[in-house]
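Okay, so here's the structure we're looking at.
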Amino acid sequence: MAEEPSDRYKFQFTATLKAGAELQLQEVELRDLFGRKLQVLNASNPDGESIPGEGANMAVDGLLQGATKFLDLAMAATGVSTLVLTLPRPTIVAYYELYTGPHAFGRNPTAWTLSSFAPSVLAPSGDWVTIDERQDVVPPPNGRSPYRLTPLGFPIFDPPPPRPPPPSLPLLPPPGPSPSPSLPLPLAPPPPPPFRQGAMPPPLPPRSFFSPATPPPTPLPPPNSSPNSGPNFGPPNEPTSPGRQSDLSTTSSSSSSISIDENVALALAICLALAIVVSLALFAYCFRQRIRAATLRLCGNRKRGVSAVAIRSTETDVDADGAFRRQGVSKGYYDSFSSIPRSHETT
């Protein structure tokens, strides 16, 4: 790829499919780093010879299937044809594409170089720098067809710089011998002797930490048996091994933890029952106070009604002459705690 962006690019064609033939092209396209087609302001053919309507500008008119084409008749005599393309601004060209002519396929190019005009150390004002070169390219057999080396055309790449050598790693010391295990590996138990008819079975070996399976439990003697009570035809008592002692201690610890859990649950149940009893007693007390207050209010209202009745009876106790006589007034009222009316006289 060109090192610096440029606004001028030059194709120099040096061979055609048929030796000694003129040069023709239907179209020339330039593309940027993103594969977009670049606009060309002008095209020229220095030291070339073309007929009217087939000059250098016909190579960049955008008519891929039109009747126009670029034709350089000087190629047959000089063996070289030059096509210079001018862009509106300096741009890096990443791809380019060539299209064959509509007929006379022997005029299609097969070798060329592409250069960009850029400043250099020897020519600060600018010089042509070759950015791509092709030799012995086979053109497509059809007219108005792209060479299509890639989907975007001919790529322009600079040779990648050589990779730096990998850094040298320090040599590691060889690994030492692996440490031997501290615990010995368990040995396989010897095979049991063959069982004979009528013989007593051999006693089971005590279970250790490395035993592959737990031996069956030994049946306990009956409670009323003693060593001197009679002959014992059962297997001999199995000695208690360290592994069995550890199992017994584990069982006892688990049973103690279970008993502790049961005690905690019982205490919680008792506390909950006491809380329920206290709540019910408090509710009953409050309910009783409310009933008592309501009863007192009802009795007070009835007493006030009795006094009003008595006053009304006294005021109406007047004789026919209009003179007031002091005599008993009959009053009727309801007892505060009874619905049966009572009568008595007061003087």
Show the residue pairs that are 6+ apart or on different chains and have beta-carbon atoms under 9 Å apart, the first residue being within region 57-68 and under 14 Å from Gly101 (Cβ atoms), the second being open to solvent by 40 Å² or more (accessible area, probe 1.4 Å) and aliphatic (A, V, I, L, M). Gly66/Met58; Thr68/Met58
Selection within region 91-114 - surrounded by fewer than 22 Cβ atoms within 10 Å (Cβ to Cβ), farther than 22 Å from Leu38 by Cα and either free of Cβ contacts under 8 Å to residues at least 12 places away in the same chain or within 59 Å of the chain's Cα centre (by Cα) (or both): Pro102, Thr110, Ala111
Look at region 16-44 and say how many of its residues are in contact with a helix residue (DSSP H, G or I) (Cβ under 8 Å, 6 or more places away or on another chain) and of a type in the set (Gly, Ala, Ser). 4
Does region 120-128 contain at least one residue that is among the hydrophobic types (A, V, I, L, M, F, W, C), at pLDDT 90 or above and either touching a strand residue (DSSP E or B) at 6+ places or on another chain (Cβ under 9 Å) or not in a strand (DSSP E or B) (or both)? yes
Among the candidates Ala111, Ala15, Ala94, Ala19, residue that is within 15 Å of Gly153 (Cβ to Cβ), of a type outside the set (Asp, Glu) and at pLDDT 90 or above: Ala94
Take the residues of region 1-48 that are open to solvent by less than 40 Å² (accessible area, probe 1.4 Å) and β-branched (Val, Ile, Thr): which is farthest from the chain's Cα centre (by Cα)? Thr16
Can you tell me which residues in region 49-90 are hydroxyl-bearing (Ser, Thr, Tyr) and within 56 Å of the chain's Cα centre (by Cα)? Thr86
In region 56-88, which residue that is assigned to a loop (DSSP other than H, G, I, E, B) and closer than 20 Å to Thr113 by Cα is least open to solvent (accessible area, probe 1.4 Å)? Ala74
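The values are calculated or read from the model by the stated rules, or taken from the named source; none is laboratory data. These numbers were taken from a predicted model, which means no experiment stands behind them. Using ideal geometry, Cβ is built from the backbone for each residue, glycine included, and neighbour counts are taken over all protein chains shown. Calculation scope for accessible area: heavy atoms of the full protein, side chains included, ligands and nucleic acids excluded. Shrake-Rupley method; radii C 1.70, N 1.55, O 1.52, S 1.80 Å.
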